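See structure below.
The values are calculated or read from the model by the stated rules, or taken from the named source; none is laboratory data. Please read all numbers here as calculations on a predicted model, not as lab measurements. Glycine also receives a Cβ, built like all others from the backbone with ideal geometry; neighbour counts cover every protein chain displayed.
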Amino acid sequence: MHPVGRWIAVMRDLAGPALVEGPADGPVEFQEKTWGAKIEVQPDASGTFRTALPEGRYTVRSKGQELTRTLLPATTYNLDLRPGQSWDFDVAKTASATGEVVIQAMTRGSGLHHLKLRADNLTLAGDEREVALKGEGTVTVEWRCRIADRDSPWVAVVVPDGDLSRRRELMGAH
């Protein structure tokens, strides 16, 4: 084996798979979005599942709950897949020629949750939104912002329930 190839193999081994664990009321299915591979994991007698997965973007399903997660190597992820606890969200942006930016969070799942918008070079009134999810459909919340300095780029970060590890980021420039 070429020395560089050996080094890459060693680095891959050092990184290791992602560890995913948490409570679930039934079997947990992980479907990798690029290749479509499916892996099913059964929770143990205490209602907890645990598995190691290669890095990738996955759709995670359990008893009607569905999440999308990007898993990175050598990282631990705690997912609560019990009904009423599981939820997910995506973000989008629209910008106008007048300098207004609308940040949207499309949420789905169950339970009462809080989303906080942290921003650089955007001004807004009220940075936190509360959303009550009932397990059906998507609920969209939004923030209307103004670009403070039109000659500089802006950054917006949506943080769910105070958990920075689940944040979603958006960037733009006028």
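Is it true that THR140 is β-branched (Val, Ile, Thr), within 26 Å of LYS63 (Cβ to Cβ) and not assigned by TED's automatic domain parsing to the domain that holds ALA24?
Answer is yes for this residue.
What are the residue pairs meeting all of these: first residue in segment 142-165, first residue without any contact (Cβ under 8 Å) to a residue 40 or more places away in the chain, second residue surrounded by 13 or more Cβ atoms within 10 Å (Cβ to Cβ) and among the aliphatic types (A, V, I, L, M), Cβ atoms under 9 Å, and 6 or more apart or on different chains?
Filtered contacts from segment 142-165: ALA148/LEU122; VAL155/ALA119; VAL155/LEU122; VAL155/LEU170; LEU164/VAL157.
Over 30 Å from ALA18 (Cβ atoms), modelled with pLDDT of 95 or more, assigned to a strand (DSSP E or B) and not assigned by TED's automatic domain parsing to the domain that holds PRO23: does that describe VAL157?
So VAL157 does not fit the description; no.
Collect the residues in segment 77-103 that are closer than 29 Å to GLU21 by Cα and either assigned to a strand (DSSP E or B) or without any contact (Cβ under 8 Å) to a residue 12 or more places away in the chain (or both), keeping them in residue-number order.
TYR77, ASN78, TRP87, ASP88, PHE89, ASP90, VAL91, ALA92, listed by residue number.
Every residue, every condition in (1) surrounded by fewer than 16 Cβ atoms within 10 Å (Cβ to Cβ); (2) touching a strand residue (DSSP E or B) at 6+ places or on another chain (Cβ under 9 Å); (3) over 14 Å from ARG167 (Cα atoms); (4) modelled with pLDDT of 95 or more, yes or no:
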position	(1), (2), (3), (4)
ARG61	no, yes, yes, no
GLY84	yes, yes, yes, no
THR94	yes, yes, yes, no
ALA97	yes, no, yes, no
GLY111	no, yes, yes, no
HIS114	yes, yes, no, yes
ARG118	yes, yes, no, yes
ALA125	yes, yes, yes, no
LEU133	no, yes, yes, no
